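Note sheet for the following structure.
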Amino acid sequence: MRMHRKSHLDERLASCSNLTMADVEEKNMKTAANLRDLLDFKAVFGNDNPVCLEIGCGKGGFICRLAAKNPDINYIAVEKISNVLIEACENAQSAGLKNVHFLNCAAEVLPRYIPENSIEALYLNFSNPLPKLGYVKQRLTHPRFLKIYEGLLKSGAKIIQKTDDAAFYAFSLESYESCGFEILEKCEDLAASGDADNIVTEHEKRFTEMGKNIYRIICKVK
Ligand SMILES: C[S@@+](CC[C@H](N)C(=O)[O-])C[C@H]1O[C@@H](n2cnc3c(N)ncnc32)[C@H](O)[C@@H]1O
């Protein structure tokens, strides 16, 4: 189903242009993936602080709270749908956050913007599980994506993934293991684990209210 373009989307995106670093929206993905417009993090954030990444940030509730909590860490949040991303940008802008910026592009084209070995941690929150077999390669934890992430992440960097979907959890675990990532945590009931620092995302809130279990994997790049 096609999403209606939000009214005044272009004007709204333009008014957040200090927070957004690309506007690709997947049109020429194959071409875009081979281009290089690498970001200069120091110029973007005005400091040399570590940089973490979230892919599929949705409306940005998670990244805005994480950025507010850790002012000495810089965050790049990636979302391929501009209709959704605009809400994240406006949230960050109204919160006055200086350490979060947004990339309006698909995960596939990240090597265009993110320098190799530059990212300290990657968050994957409630990525679409895409249960149909025909979409396996689109899952954000498919080995083809893990190879992309491995290139962007620093040695020893962590991937922190949350999902409500048991099959996607199992698929992701297998994928990390097959790509040689070290599994640090496999949690099958985040609420029961009593992690007081957990930042609840928009989807997580909805799934928790529905009584669903939240799964979390933390793994480490070699
Ligand atoms: C189910 S939503 C989860 C949103 C948010 N992380 C949360 O937990 O509330 C998944 C988001 O990932 C985005 N997404 C899916 N595939 C993507 C890709 N290849 N690159 C960037 N974003 C993607 C979707 O547009 C959607 O906004």
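The numbers here are math on the coordinates, done by the rules we state, and not lab data. Please read all numbers here as calculations on a predicted model, not as lab measurements. Note that each Cβ is placed from the backbone with ideal geometry, even for glycine, and that neighbours are counted across all protein chains shown.
Things worth noting here:
- Residue among PRO131, PRO71, PRO143 with the largest mean-square fluctuation in a Gaussian network model of the chain, springs linking Cα atoms under 10 Å: PRO131
- Annotation: the antiparallel percentage among DSSP beta bridges lying fully within the chain is about 35.
- Table column - 3J(HN,Hα) (Hz), segment 128-142, Karplus curve with 6.51, -1.76, 1.60, x for Gly and Pro: 4, x, 6, x, 5, 4, x, 10, 3, 6, 8, 5, 6, 10, 5
- Summed residue charge, Cβ within 14 Å of GLU185's Cβ, Lys/Arg positive, Asp/Glu negative: -1
- Inter-centroid distance (Cα atoms) of segment 97-130 relative to segment 174-222, Å: 18
- Semi-axis lengths, Å, segment 135-222, gyration tensor of Cα atoms, sqrt of 5 times eigenvalues: 23, 15, 11
- Of all the options ILE73, ILE86, ILE159, the one that moves most in a Gaussian network model of the chain with Cα springs shorter than 10 angstrom is ILE73.
- Comparing mean-square fluctuations of GLN161, GLN93, GLN138 from a GNM of the chain with C-alpha springs under 10 Å, the top value falls on GLN138.
- Once the Cβ-Cβ distance of ASN28 and ASP189 is raised to the sixth power relative to R0 = 25 Å, the FRET efficiency obtained is 0.05.
- Förster radius 30 Å - calculated FRET efficiency between LYS42 and SER15, Cβ distance, rounded to 0.05: 0.75
- For the chain, hydrophobic long helices are taken as DSSP H runs at least 15 Å long by C-alpha position along their axis with mean Kyte-Doolittle hydropathy of -1.0 or more; these are 82-94, 166-178.
- Pair-distance distribution of segment 24-220: all C-alpha pairs, bin width 10 Å, starting at 0; shares per bin in whole percent are 9, 36, 40, 14, 1.
- Exposure proxy ranking, count of Cβ atoms within 10 Å, fewest first, for PHE207, PHE62: PHE207, PHE62
- Look at the alpha carbon pairs under 8 Å that are at least 6 residues apart: their mean separation over the length of segment 24-220 gives a relative contact order of 21 percent.
- Paramagnetic reach from ASN117 in segment 164-186 [backbone N under 16 Å; point 7 Å along Cα→Cβ]: none
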